[in-house]
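The values are calculated or read from the model by the stated rules, or taken from the named source; none is laboratory data. Being a predicted model, the structure only gives us computed values, none of them experimental. Reconstructed Cβ throughout: ideal geometry from the backbone, glycine too, with neighbour counts over all protein chains shown. In case anyone asks, the SASA skips ligands and DNA or RNA and just uses the protein heavy atoms, side chains included. Shrake-Rupley method; radii C 1.70, N 1.55, O 1.52, S 1.80 Å.
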Amino acid sequence: MNRVVHPIEQESFRRLRARLDTSHFPPLTRAVVERVIHSAADLDYAADLVMDESDLAGAHTALHAGAPVVVDVEMVAAGITRRETVCRLRDAEAGPGLTRSAHAIRLAYEQVGPGALWVIGNAPTALEELLTLDASPALVIGLPVGFVGATESKAALRESGLPAVSNVSEKGGSAVAAAALNALLYHPTSPSEEKQ
């Protein structure tokens, strides 16, 4: 299950590291920071992202043990290249006080139950809904983008105490959320595996 890294990707990471020293980050944090920056070509994410190495370690173990991965939109799913995902947005319906994105999160939780990895890159209301559930997630990658509700939903995620990857600013989106999950997927599970 070794991943072949394309020469363009190798050169992109070489240039990223030439412009930003990431060597002080712990291994999984470094992997997430670098892959998010790589996905957005935005070095500011190094200071914007918030995560805990021990949370990432637990998520890495759960992910490689087969924990389900739930996404808020198909664009996030499209960016996760090595794992099947659950996205219930097509089945969801908006209702009074409930967005379609929030309903999709409810449907996904009914399907997967506790212990999943949740990857939210689009809808703040999806993240807000997840926080109302007793989801006991392995990790919440909460990186919704936007000027309405995004920073507030990410602040609520950090205050929840759940294992999480978030960021402080309005930035985010499907590509960076998928990149954060991919960083954990691509990270070696044993010392003998090659590193990116």
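Among the residues of the stretch 1-14, those identified as aliphatic (A, V, I, L, M) and either surrounded by fewer than 12 Cβ atoms within 10 Å (Cβ to Cβ) or free of Cβ contacts under 8 Å to residues at least 60 places away in the same chain (or both) are MET1, VAL4, ILE8. Scanning the stretch 34-57 for residues that are in contact (Cβ under 8 Å) with a residue 40 or more places away in the chain, closer than 20 Å to GLU170 by Cβ and within 16 Å of the chain's Cα centre (by Cα) yields VAL36, SER39, ALA40, TYR45, ASP48, LEU49, VAL50, MET51. Among the residues making up the stretch 78-99, a single one is open to solvent by 80 Å² or more (accessible area, probe 1.4 Å) and polar (S, T, N, Q): THR81.
Summed over the stretch 126-152, residues that are aliphatic (A, V, I, L, M), in a loop (DSSP other than H, G, I, E, B) and either open to solvent by 10 Å² or more (accessible area, probe 1.4 Å) or out of contact with any strand residue (DSSP E or B) (no Cβ under 9 Å at 6 or more places or on another chain) (or both) total 4. Within the stretch 161-185, residues that are closer than 14 Å to PRO137 by Cβ have Cβ atoms under 8 Å from residues that are of a type in the set (Lys, Arg) and in a loop (DSSP other than H, G, I, E, B) in these pairs: LEU181/ARG83, counting only partners at least 6 apart in sequence or on another chain.
Annotation note: Cβ proximity below 9 Å between a residue of the stretch 74-91 that is assigned to a loop (DSSP other than H, G, I, E, B) and a residue that is among the basic types (Lys, Arg) and open to solvent by less than 80 Å² (accessible area, probe 1.4 Å) (sequence gap 6+ or interchain) occurs for ARG82/ARG3. Would you check if GLU11 is at pLDDT below 95, of a type in the set (D, E, K, R) and not in a loop (DSSP other than H, G, I, E, B)? Yes: the conditions hold for GLU11.
When the residues of the stretch 15-38 are filtered to those that are farther than 23 Å from ASP55 by Cα and either modelled with pLDDT of 95 or more or in a helix (DSSP H, G or I) (or both), the one that is most open to solvent (accessible area, probe 1.4 Å) is ARG19. Once the stretch 49-68 is narrowed to residues that are outside any helix (DSSP H, G or I) and over 22 Å from SER153 (Cα atoms), the residue that is most open to solvent (accessible area, probe 1.4 Å) is ALA65. Of all residues in the stretch 153-172, those satisfying the criterion of being surrounded by 19 or more Cβ atoms within 10 Å (Cβ to Cβ) and among the small types (Gly, Ala, Ser) are SER153, ALA164, SER166, GLY172. Quick check: anything in the stretch 97-116 touching a helix residue (DSSP H, G or I) at 6+ places or on another chain (Cβ under 6 Å) and touching a residue at least 60 places away in the same chain (Cβ under 8 Å)? No; the residues of the stretch 97-116 include none that is touching a helix residue (DSSP H, G or I) at 6+ places or on another chain (Cβ under 6 Å) and touching a residue at least 60 places away in the same chain (Cβ under 8 Å).
Please work out if GLU110 is open to solvent by 50 Å² or more (accessible area, probe 1.4 Å), within 20 Å of ASP55 (Cβ to Cβ) and in a helix (DSSP H, G or I). For GLU110, the condition - open to solvent by 50 Å² or more (accessible area, probe 1.4 Å), within 20 Å of ASP55 (Cβ to Cβ) and in a helix (DSSP H, G or I) - is not met.
When ALA102, ALA46 are checked against the criterion of being in a helix (DSSP H, G or I), at pLDDT 95 or above, within 19 Å of ARG17 (Cβ to Cβ) and of a type in the set (Gly, Ala, Ser), ALA46 stands alone in meeting it.
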